[in-house]
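The values are calculated or read from the model by the stated rules, or taken from the named source; none is laboratory data. Computed from a prediction, not measured in an experiment: that's the story for all the values here. All Cβ positions, glycine included, derive from the backbone under ideal geometry; neighbour counts span all protein chains shown. Quick note on the areas: whole protein, heavy atoms, side chains included, nothing else; ligands and nucleic acids left out. Shrake-Rupley method; radii C 1.70, N 1.55, O 1.52, S 1.80 Å.
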Amino acid sequence: MSDLVITLPDGSQRTLPEGASSLDLASSIGSRLAKDALAAEVNGQLTDLTAPLPQGATVAIVTPASENGRDVLRHSTAHLMAQAVTRLWPGAHYAIGPAIRDGFYYDFELPGGAHFSDDDLPRIESEMRAIIAENQPFIRAEYSFEEGRKLFADQPFKVEIIDGVATGGTEEDLNEVGSAQIVSTYRNCETFTDLCRGPHVPSTARLGHFKLMRVAGAYWRGDEKRPQLQRIYGTAWESEKALQDHLTMLEEAEKRDHRVLGAQLDLFSFPTEIGPGLAVFHPKGGIIRRTMEEYSRQRHEASGYEFVYSPHITKSNLFETSGHLDWYADGMYPPMELDEGAQYYLKPMNCPFHVLIFKARQRSYRELPLRFFEFGSVYRYEKSGVVHGLTRVRGMTQDDAHIFCTRDQMAGELTTLLNFVLDLLRDFGLNDFYLELSTRPEHKSVGSDEEWEEAEATLASVAQAAGLELVMDPGGGAFYGPKISVQARDAIGRTHQMSTIQLDFQLPQRFDASFIGSDNARNRPIMIHRALFGSVERFMAILLEHYAGALPTWLCPEQVRVLGVRDDHDAYAREVADVLRTAGVRVNVDEASEPLGARVRRAKLEKIPYVLVVGDEDVSSRTLGVNARGSSDPERGVTVDAFTHRLLDEIASHGSPEAV
């Protein structure tokens, strides 16, 4: 028997006897690490602590407070919940139960068509804690497909997954079993076994800091024609403090829900007559949106972008050439048959149109880089169960840019573009960023290995030079190229994907786009895709929640409201408003037809930055009483000129009353 040589994340090595596991490795490093360990990352793959290590492996021990550790905790807690449900509802069918961001879920079909209610959650939690107290081990086993079918004969959803893997398997199926050759399971006790690729915590005793959140409906496989299942969502963390911090954040997030704020502030709505995921913007929301778009236009013009426009529909040929019909058809609306059978599609993206604009005439290298920009409306068929306010819609407007450049210009253009993106996001008050690099998706991409390697290496170099944290997203790229995503943390610590920058060698090839180079020959341009807001709708939602509806003054649909104490002060209030309006301020007068206190309260609920109150002394002295949003100390005797200058400075600097 030869000893194993294991490499640790810091490059150091450990020697262990043949057959040793990751738990043995952790014990050799220290008893505290062994006690803390949940799983291990072996050659980049998460595995159980007790699995034998291969010779020469690179191993990292996974602990609870790490991202991988939380995923393992959440996945194991999902299994724990499924076991509790099958105890409480004998005969229940359990489908899938993955870890998701900040939590987990599991889908069930209850016997007799029964349904969960939120009142059932405490009872399920209690049963889960009973199982934790039993300290049940998670025991892995592997079976043939036929053995797996027999094992899960009374679980039709598990059998369907096994059948799917046996006949080739979707990515979703393989995520459940982890291999196209075997069926892997985890048994907690004689009465509960689940189909799973793992890994899991060593035993149920390692779990406990969780809460079940809510019940929802979900179609099996996300298909509205398949059975509707009962889904229970939960959250799980490495400590009671982490759990409570998360629950506190959720309470704050609920107060900031952009859907609630949109209704309260009269910004937008989703009429049922139009359909799910299709928003209409009311006048106040329209002002916010117009202000965002106008500022973006100004910045793009100053940075050398040229504005273009494209239609909302196109013949199918365009998306056949681009490859979107091969790779993206599920996200597109069905075609319309027009012109004697020709198929037309609502566009799900703008990029193929911009390639055609580039191709409209012969281009020279002297024109490059060529930067096209469009506020383009696009349409994506999101399933009705996943549309969510403005953040997940079916019709949206993208602030879409496509840059055509030479290979020599590629890295410099990407660097300039990333800096432009970060600067503009900061102008909207987002300042806490990290970057995510999404690489080639397996089995779902076009182009050569060499092209993808060059594109990924170039993006990685640009991202690293930005000096921000860089997180890898293996397989998360588009079918035509890798991307950098700017991830921004909001005021309560949530992360949102904001801008994306994609490097594309493929679409110019597919459309045979070219320019005449300095060598007087046809050359292929490089194409860079960039959406800065992502979509205008989603960006507005993020800003509303980031600021809890109290937007910076420059974005507010109404920046000032003027109130007379009595009706004989209304004439002076209108005079003040006229001065401000002439200076470009969005201002209204709320005349004294109601008591002053009621009008002040209404203005505060509408989150107006400045409420100006004028009374006898103000009329005679030509002054104002200034009530700034967020302040409990009104200013008295402020001149109209002084307030106007101060307000215009605040608007120009994208400030807010709270920052003064």
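Leaving out same-chain residues fewer than 8 places away, which aspartates and glutamates sit with a Cα under 20 Å from that of residue 255?
Candidates past the 8-residue exclusion: 102, 245, 266, 490, 537, 545, 606, 658.
Principal axis lengths of the stretch 470-548 from Cα atoms, whole Å, largest first?
56, 26, 20
So what is the orientation-averaged projected area of the stretch 407-462, using the convex hull of its C-alpha atoms, in nm²?
4.9
Which far-off residues, 5 or more places away or on another chain, put their amide H under 5 Å from the one on residue 471, with H placed in the peptide plane?
Residues meeting the amide H criterion: 435, 436, 437.
Taking residue 315 as the anchor, which aspartates and glutamates have their alpha carbon closer than 19 Å to its alpha carbon, excluding any fewer than eight residues away along the same chain?
326, 330, 337, 339, 340, 512
So what's the Cα pair-distance distribution over the stretch 24-80, bin width 10 Å, in %?
The calculated distribution, bin by bin, is 24, 55, 20, 1.
Please list 3J(HN,Hα) in residue order for the stretch 607-621, calculated via the Karplus relation 6.51 cos²θ - 1.76 cosθ + 1.60 where θ = phi - 60°; whole Hz, with x for glycine and proline.
6, 6, x, 9, 10, 9, 10, 10, x, 4, 5, 5, 4, 6, 9
Provide Rg over Rh for the stretch 329-431; use the alpha carbon set for both Rg and the Kirkwood Rh (inverse mean inverse pair distance).
Dividing the radius of gyration by the Kirkwood radius yields 1.06.
Given the chain, what percent of its DSSP beta bridges are antiparallel, to the nearest 5?
Looking only at bridges with both residues in the chain, the antiparallel portion is about 85 percent.
Hey, quick one: spin label on residue 518, modelled 7 Å out along Cα-Cβ, who in the stretch 365-393 has an amide N within reach, i.e. under 12 Å?
Zone members listed by number: 365-366.
What 222 nm value per residue comes from the helices of the chain, counting each DSSP H run with n ≥ 4 as -39,500 (n - 2.57) and dividing by all residues, nearest 500 deg cm²/dmol?
-10500 deg cm²/dmol
Using a 1.4 angstrom probe and counting only protein chains, how large is the accessible area of residue 127 in Å², to 10?
Roughly 40 Å² of residue 127 is accessible to a 1.4 Å probe.
Which distance in nm do the two modelled labels at residue 329 and residue 381 give, with both placed 7 Å along the Cα-to-Cβ direction?
Placing both labels 7 Å beyond Cα along the Cβ direction yields 1.0 nm.
Based on the alpha-carbon gyration tensor of the stretch 62-210 and its eigenvalue square roots a ≥ b ≥ c, which shape applies: rounded if a/c is under 1.5, prolate if not and a/b is larger than b/c, or oblate?
Since a/c reaches 1.5 but b/c is at least a/b, the shape of the stretch 62-210 is classed as oblate.
What figure in square angstrom, to the nearest 10, would you give for the accessible area of residue 4 with a 1.4 Å probe?
10
For a quick check of understanding: with a 1.4 angstrom probe and all protein chains in place, what accessible area in square angstrom does residue 295 have, to the nearest ten?
Counting only protein heavy atoms, residue 295 exposes about 40 Å² to solvent.
Using 7 Å Cα-to-Cβ label points, what is the residue 453/residue 578 separation (nm, one decimal)?
7.4
Quick one: grab Rg to one decimal and Dmax as a whole number for the chain, Cα atoms only, in Å.
29.3, 100
Do the alpha carbons of any pairs in 444/483; 150/225; 158/211; 284/383; 347/383 sit beyond 19 Å of each other, and which pairs?
In this structure, 150/225; 158/211; 284/383 lie more than 19 Å apart at Cα.
For residue 562, enumerate residues with amide H under 5 Å from its amide H, sequence gap 5+ or separate chain, H modeled in the peptide plane.
So residue 562 has HN proximity to 588, 589, 590, 612.
If a/c stays under 1.5 just call it rounded; otherwise compare a/b with b/c (prolate if a/b is bigger, oblate if not). Do that for the stretch 270-378, with a ≥ b ≥ c from the square roots of the Cα gyration tensor eigenvalues.
Cα axes put the stretch 270-378 in the oblate bin.
If I model a spin label at residue 228 and residue 509 as a point 7 Å from the Cα along the Cα→Cβ vector, what separation in nanometres do I get?
Each label point lies 7 Å from its Cα, and together they span 4.6 nm.
Check residue 51: other-chain or 5+ apart residues with amide H under 5 Å from its amide H, H built from backbone geometry?
22
Hey, could you get me the Stokes-Einstein D for the stretch 616-660, Kirkwood radius over alpha-carbon pairs, 25 °C and 0.890 mPa s, rounded to whole µm² s⁻¹?
217
Which one of 418, 405, 381 has its Cα pushed farthest toward the positive end of the charge dipole of the stretch 373-451, where Lys and Arg give +1 and Asp and Glu give -1 at the Cβ?
381
Mind checking the full-extension length gain between residue 135 and residue 18? Use 0.36 nm per residue of separation minus the Cα-Cα distance, one decimal, nm.
Going from the current span to full extension adds 39.2 nm.
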